[in-house]
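Quick note: the coordinates plus some simple rules give every number you see, no bench work behind them. Not measured: the values here are computed from a predicted model. In this analysis, Cβ positions are derived from the backbone assuming ideal geometry, glycine residues included, and neighbour counts consider all displayed protein chains.
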């Protein structure tokens, strides 16, 4: 386990902008049941907590979603200068080059370092760790972190394990160099990986996603619980200090299981999976934005974020939620129709 992050008196990464984007096609459980023998809409809802998911059309790329989210994040913060762009994605638009340079160029940020980070559903936390390193060393003053994935098209329509889960979306956060005492300051960022179980969730070259569901469920609950407890301790908090818990939205049953083991009540555990699905690396930030917009998350709340994904990878960090002006996501607004600043 690696601890990357704040130390008393040292500079830290501070969240100061947030923007999101969702794919524009909403797919109900009833629409995906036909190819899967014996599977019903109610069965999917009871097993996953998902009733709908959002999916991108063939003409919408990962870069399109990332650009829309990035533009909204920059628009939510007065200072639009960016020194580095980090894109967390498991679905780059091509093998070479990385997708991040295109995103930076389309956002009007040419010439800055821009690169992809691949850590599956833990991608946002890994990107936080990278951005934090740029900020605390003084290499950058402000970093744009974007998480964007289009995993739905990598699922087999006849597969009841993976197909019901995944939606397509993006989220972006502006991080600036600041102090640990400020609202929005990220606590220590704890990251881990275990390649010994990498075959539990794979997308082989030219093939569809395959997952051993019960195994991933066990690892997700175990690792998210462990890293969550460690992140709270590293921040100098206790579990009783938490106002909100925002886990990666993999499956509502996983979220509930981890919340119970942390002894948190339903109001403390934020979910956003029901109508968008598992949006991979973007899911935590999408949940933060949705909860901020509807009042479940308010400035001053002490928040724990944790994620688990293929690799296996996991991570967690904390933040005292700042007073932001996030641009709400819009289902039905094509990423291609929104211009970058």
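Rg and Dmax of the chain, based on Cα coordinates, read 18.3, 59 Å. Name the residues of the stretch 195-227 whose amide N is less than 11 Å from a point 7 angstrom out from the Cα of residue 261 along the C-beta direction? Within reach of a label on residue 261, which here means backbone N under 11 Å from a point 7 Å along Cα→Cβ, the stretch 195-227 contributes 217-227. For the stretch 168-243, the spread of Cα coordinates along the three principal axes comes to 47, 28, 22 Å, biggest extent given first.
Rg/Rh for the stretch 180-317 (Cα atoms only, Rh after Kirkwood) is 0.97. Express as a percent, rounded to the nearest 5, the fraction of DSSP beta bridges in the chain (both residues included) that run antiparallel. For the chain, the DSSP antiparallel bridge percentage is about 75. Ellipticity at 222 nm from helices only: DSSP H runs of n ≥ 4 in the chain, each -39500 (n - 2.57), divided by the residue count, give -8000 deg cm²/dmol. Translational diffusion of the stretch 248-291, estimated by Stokes-Einstein from the Kirkwood radius over alpha carbon pairs at 10 °C in a medium of 1.306 mPa s, is 150 µm² per second.
Sorted fewest first by neighbouring Cβ atoms within 10 angstrom, 239, 144 come out as 239, 144.
Taken along its principal axes, the alpha carbon cloud of the stretch 1-93 reaches lengths of 58, 35, 23 Å, longest axis first. If you find the alpha carbon centre of the stretch 58-126 and of the stretch 227-298, how far apart are they in angstrom? When both Cα centres are located, 24 Å separates them. Using a Gaussian network model of the chain in which every pair of alpha carbons under 10 angstrom is joined by a spring, one finds that among 280, 292, 81 the greatest mean-square fluctuation is at 81. Shown for 237, 321: other C-beta atoms within 10 Å of each C-beta, ranked fewest to most, produce the order 237, 321.
Just to be sure I understand: of the beta bridges DSSP finds with both ends in the stretch 240-329, what percent are antiparallel, rounded to 5? About 60 percent, rounded to the nearest 5.
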